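Written out below as structure tokens is the structure these notes cover.
The values are calculated or read from the model by the stated rules, or taken from the named source; none is laboratory data. Fair warning: this is a prediction, and the values are worked out from it, not measured in the lab. Here the Cβ positions follow ideal geometry from the backbone for every residue, glycine too, while neighbour counts run over all protein chains shown.
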Amino acid sequence: MESNKSEARDATRDKRRRRRAPHPRFQMRISTKYGPRKSPNGQPLTCTSETTLKPEQLLELYRYLKLTRLVEERLVNLYRQTKVVGGVFRSLGQEATAVGTAYALQPHDFIMPLIRDLGAVLVKGIKPREIFAQYMAKAWGPSGGRDLNIHFGDMDKGFIGPISHLGDMIPVMTGILLGARFQQKKLVAVAYIGDGGMSTGAFHEGLNFAAVQKLPLIIVAEHNQYAYSTPTSLQTAVKDLAEKAAGYGIPAYIVDGNDVIACYEATRLAADYARRGNGAVLIEAKTYRRKGHAEHDDQRYVSAGEVEWWEKNNDPVDRFEKYLLQTGVTKEQLDEITAGVLREIDEDCTWAESSLMPDPVQAAYNVFDNNVVQPAFRPKVLES
């Protein structure tokens, strides 16, 4: 009798597992070639050794990683000196995702980053001085003090500014790609999204449209464990965000988001696939956000020791440094690159701080199309 009950329980459990498992046809469309790896023999993780990158490209990639981290460290210092207007949203611990994916694109390709994707913005050619002036709302900033952090764009560099309602970025990028198709332009676009943003209706509508129209859209889903303060497990039922690609009939990659080479190689393959007219691709980058949502967030919702573990065992800069040193790059070469980055940051920060705040009257212009909507000035009744 007891044996029969046990067999019945096992059969029920197996049935549930089969029901939860992705259909084999879609399971084959999720590539884990560049997914997270376990530490071999307890040794510190480095990066994947399978790469098409040349030695000089690897060093340039390292420069962008260091530039991203050190620019953000300077922004934190400026924030603590009350020189930043608004908040600072760091990518500490997940810089490799933005840098590696953007580096795989061609100059004419487009990106639409999140506010935590500063690395992708720097790879597309935006200078640190522009970032500093923008964060301080200075007149010399890209938006002339009208907006903050990386809420600006540069069409010539293929950089579309992020939208605060994150899911809405996906249908906007599909519109850009549809327009490019009408203009017979062969470009690929990357739109970044977080695990929380993937649960929005706009995300679904945008990706569904891109999949049906076979637009060359690459979605980089940054699975950094939290949507503000909500753990991923509490806002989506799938273990791997890449499983969501099955609903749209598109392929997906699961990549180690803290391995900059893995991020580059997966995006390179996805871009080649999309550029040949095959349609959209979803890349899930498994990473971790070591800071709160912004500098004001004390992360009290994070378990004790969690952040420290990631810092010690899975830092993207440390991993890439270990890889480079193992492949023959010297510490002196890395130190020289870091010194050059620091000099650039010092010069650009000084330049940005020397800028004046925007003139109040001029700041009212170019918020809307002034051929249609006249600038809105402060009512006279409030000036007294």
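A few points about this structure:
- Among the residues making up segment 362-380, those that are more than 16 Å from Ser143 (Cβ to Cβ) and aliphatic (A, V, I, L, M) are Val372, Val373, Ala376.
- Only listed residue being under 28 Å from Leu78 (Cβ atoms), surrounded by 14 or more Cβ atoms within 10 Å (Cβ to Cβ) and at pLDDT 95 or above, chosen from Val260, Val281, Val307, Val302: Val260
- The requirement of being part of a helix (DSSP H, G or I), at pLDDT 95 or above and farther than 30 Å from Asn149 by Cβ is not satisfied by Glu73.
- Residue in segment 331-347 that is out of contact with any Cys (no Cβ under 6 Å at 6 or more places or on another chain) and assigned to a loop (DSSP other than H, G, I, E, B) present: no
- For segment 227-253, the tally of residues that are closer than 17 Å to Leu207 by Cβ and either out of contact with any Pro (no Cβ under 8 Å at 6 or more places or on another chain) or surrounded by fewer than 16 Cβ atoms within 10 Å (Cβ to Cβ) (or both) stands at 13.
- One residue alone among Lys312, Lys291 is closer than 18 Å to Glu95 by Cβ and without any contact (Cβ under 8 Å) to a residue 12 or more places away in the chain, and that residue is Lys312.
Every residue, every condition in (1) surrounded by fewer than 19 Cβ atoms within 10 Å (Cβ to Cβ); (2) not in a loop (DSSP other than H, G, I, E, B), yes or no:
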site	(1), (2)
Gln134	no, yes
Gly144	no, no
Ile150	no, no
Met169	no, yes
Gly179	yes, yes
Lys186	yes, no
Val190	no, yes
Leu207	no, yes
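- The set of residues in segment 132-179 being free of Cβ contacts under 8 Å to residues at least 60 places away in the same chain and of a type in the set (Ser, Thr, Tyr) consists of Ser143, Ser164, Thr174.
- Selection within segment 242-283 - of a type in the set (Val, Ile, Thr) and part of a helix (DSSP H, G or I): Val260, Ile261, Thr267
- Number of residues in segment 110-125 that are assigned to a loop (DSSP other than H, G, I, E, B) and in contact with a helix residue (DSSP H, G or I) (Cβ under 7 Å, 6 or more places away or on another chain): the value is 5.
- Selection over segment 317-359 of residues that are more than 22 Å from Gln94 (Cα to Cα) and surrounded by 16 or more Cβ atoms within 10 Å (Cβ to Cβ) gives a count of 8.
- When Arg116, Arg129 are screened for being buried (at least 23 other Cβ atoms within 10 Å of the Cβ), basic (Lys, Arg) and either in contact (Cβ under 8 Å) with a residue 60 or more places away in the chain or closer than 24 Å to Leu92 by Cα (or both), only Arg116 passes.
- Checking Gln106 against (1) within 19 Å of the chain's Cα centre (by Cα); (2) in a helix (DSSP H, G or I); (3) in contact (Cβ under 8 Å) with a residue 12 or more places away in the chain, the condition it does not meet: (2)
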